[in-house]
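Okay, structure first, notes after.
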Amino acid sequence: MKMNVWIFNHYATAMFVDQGGRHYSFAKYLKEFETQSTIFCASTIHNTDGIIEMGENIYKTDEVDNIPFVFLKTPRYKGNGKQRLKNMISFYRNLLLVAEEYAEKRGKPDSILASSVHPLTLVAGIKIAKKFGIPCICEVRDLWPESLVAYGILNKNHILTKLLYKGEKWIYKHADKLIFTFEGGKDYIIERGWDKDSGGPVNLAKVNYINNGVDLDSFHENSEKYKIEDSDLSNDHLFKVVYAGSIRKANNVQKIINIAEIIQKKKNDRIIFLIYGDGTERESLQKYCRENGINNIKFKGVISKKNIPYVLKKSDLNVVQLFEKNDLKKYGTSMNKLFEYFASGKPTISDCKYGYDLIKKYNCGLVTDNATPEQIAENIIQFSQISQEDYETYSRNALKAAQDFDFKVLTKRLDQIIRK
């Protein structure tokens, strides 16, 4: 049976620009199950100055790869202040306004997939679905307000925090289905006492888990099609430790610098650290390296997302963000880059053991929880010296993990949830 689903994701605008990402991939592969998707997103592009020009219109339509996009007019913002909040509220209001008009022109959907980060998108999805008399699947990619509490942005006992928890509980109650991108979603609901066995309103039978993933066809195609000239990457005499991602305080790239400094002092000249990406901390970290004579780390700057597969396949060891300890990690993780690391067929090193830890589960790298820079440095040195047979075992395991989280596999699971 052919189906039509609307996907609400405030931040999917970048997926239109890059032709990649979670909901782009879902929309791409849902076609194989005779399900047509339309993606609703903001006119602003998150964490950039980019914008989809709207003129005087409240919304605008376009498509890429036969995937329709509906852009909703939202004000520009920078950072996480009042302007970003206005941007969120504007998206929510315009989604409510545009949905009915768009349905009159194109027909209403069979279901709605409303995806966070922020909860207003989920509230809008539930309200619109109720008006249309169709089910709403709420996809939780970030815990609000729990994330804000964990990072010290909100006090757990503040009245605003309590209101946000109340709203979160309302969403979980009224969603027809729930999808968490981390495996511990049910654990979180039980700990909050919101499940029916605890006297709460949430039936755990409607809770599902679909993590982020990787489009393996695109990954391998891009690794061959979008190569870059880089003497460090092509040097087979070096053991290349790669980090690809934002260079911001939250990602703790300073710890990678500290690790590189320790390895340099041990006079291990074979190991080199290659940092791909940009962010607010980049200049200060480069300055630190210059002032302290740290020469075994190179900042490669921003490269196209299509170049990332080639870079990762040329690495010898990939590093995920080295997180500071918080209470969220017990529920699992859904870091996008982790699945690209798996797809590279190279082992991954981490200093944070998550609940339902995928690196541990697939034995495709090394996890030392809350490790010091000295411990991580020693682990990297050991990796650079392991036998070829042991290294190839890690690599095979990484590829197995990537296959299990290929978006073709994840989309089949999503289609089953939609059709139920």
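Relative contact order for the stretch 1-157: 21 percent, from Cα pairs under 8 Å spaced at least 6 residues apart, divided by residue count. Proximity of backbone amide H atoms, modeled 1.01 Å from N, is registered between residue 365 and 348 at under 5 Å, excluding neighbours fewer than 5 places apart on the same chain. When only Cα pairs below 8 angstrom with a gap of at least 6 residues are kept, the stretch 110-240 shows a relative contact order of 18 percent.
Between the beta carbons of residue 206 and residue 228, assuming R0 = 41 Å, the FRET efficiency works out to 0.35 to the nearest 0.05. Accessible surface area normalised per residue over the stretch 235-311 is 50 Å², counting heavy atoms of protein chains with a 1.4 Å rolling probe.
For residue 46, the accessible surface of its heavy atoms amounts to roughly 60 Å² (probe 1.4 Å, protein chains only, rounded to the nearest 10). Applying the Karplus relation 6.51 cos²θ - 1.76 cosθ + 1.60 with θ = phi - 60° to the stretch 354-367 yields 3J(HN,Hα) values of 8, x, 6, 4, 6, 5, 5, 4, 8, 6, 10, x, 10, 10 Hz, where x marks Gly and Pro. The antiparallel fraction among DSSP beta bridges confined to the chain stands at about 15%. Summing +1 for each Lys or Arg and -1 for each Asp or Glu among the other residues whose beta-carbon sits under 12 angstrom from that of residue 20 gives -2. Mean sequence separation of contacting Cα pairs (under 8 Å, at least six apart), scaled by the length of the chain, corresponds to a relative contact order of 13 percent. Dividing the Cα radius of gyration of the stretch 317-361 by its Kirkwood radius returns 0.94 for Rg/Rh. Amide H contacts for residue 176 (H built 1.01 Å from N in the peptide plane; partners 5 or more residues away or on another chain; cut-off under 5 Å): 136, 138. Taking packing as the residue-averaged number of other Cβ atoms within 10 angstrom, the listed peptides 414-420, 116-122 run from highest to lowest as 116-122, 414-420.
Were the residues from residue 237 through residue 147 laid out at 0.36 nm apart, the gain over their Cα-Cα distance would be 28.2 nm.
Counted by Cβ distance under 11 Å from residue 32, the other residues give a net charge of +2, where Lys and Arg count +1 and Asp and Glu count -1.
Summarising the amide proton neighbourhood of residue 298: residues at separation of 5 or more, or on other chains, whose placed amide H is nearer than 5 Å comprise 273, 274, 275.
When you filter the GluC sites (Glu not before Pro) in the stretch 76-110 for DSSP loop state and at most 11 other Cβ atoms inside 10 Å of their Cβ, nothing is left. The Cα atoms of the stretch 207-336 give a gyration tensor whose axes a ≥ b ≥ c have a/c of 1.5 or more with a/b no greater than b/c, which makes the shape oblate. Near residue 394: Cβ cut-off under 13 Å, other residues only, Lys/Arg at +1 and Asp/Glu at -1. The net charge is 0. Packing around the peptides 19-30, 124-135, taken as the average count of other Cβ atoms within 10 Å per residue, puts them in this order, highest first: 19-30, 124-135. The HN-Hα couplings worked out from phi for the stretch 71-82 by the Karplus form 6.51 cos²θ - 1.76 cosθ + 1.60 (θ = phi - 60°) are 9, 9, 5, 9, x, 5, 7, 9, x, 10, x, 4 Hz, whole numbers, x standing for Gly and Pro. Of all DSSP-defined beta bridges confined to the stretch 1-133, some 30% are antiparallel rather than parallel. A 1.4 Å probe, protein heavy atoms only, puts the accessible area of residue 38 near 10 Å². For the options 282, 106, 76, a Gaussian network treatment of the chain with springs between C-alpha atoms closer than 10 Å singles out 106 as fluctuating the most.
Taking 25 Å as the cut-off for C-alpha to C-alpha distance, list the pairs among 127/196; 196/337; 78/108; 28/420 that go past it. As for pairs spanning more than 25 Å Cα to Cα, those are 196/337; 78/108.
Classification of the stretch 358-420 by its C-alpha gyration tensor yields an oblate form. The axis ratio a/c (a ≥ b ≥ c) is 1.5 or more, and b/c is at least a/b. Ignoring ligands, DNA and RNA, what percent of the 1.4 Å accessible area of the chain is carbon and sulfur? C and S atoms contribute 48 percent here. Residues in the stretch 275-292 carry Karplus couplings, in order, of 10, 10, x, 8, x, 5, 9, 4, 4, 5, 6, 5, 4, 4, 5, 5, 5, 9 Hz; the curve used is 6.51 cos²θ - 1.76 cosθ + 1.60 with θ = phi - 60°, and Gly or Pro positions show x. Taking 7 Å steps out from each Cα toward its Cβ at residue 387 and residue 31 produces label points 4.8 nm apart.
The values are calculated or read from the model by the stated rules, or taken from the named source; none is laboratory data. Bear in mind that the values here come from a model prediction, so they are computed numbers and not experimental data. Here the Cβ is made from the backbone with ideal geometry for all residues, glycine too, and neighbour counts use every protein chain on show. Heads up: the accessible areas ignore ligands, DNA and RNA and are worked out on the full protein's heavy atoms, side chains in. Shrake-Rupley method; radii C 1.70, N 1.55, O 1.52, S 1.80 Å.
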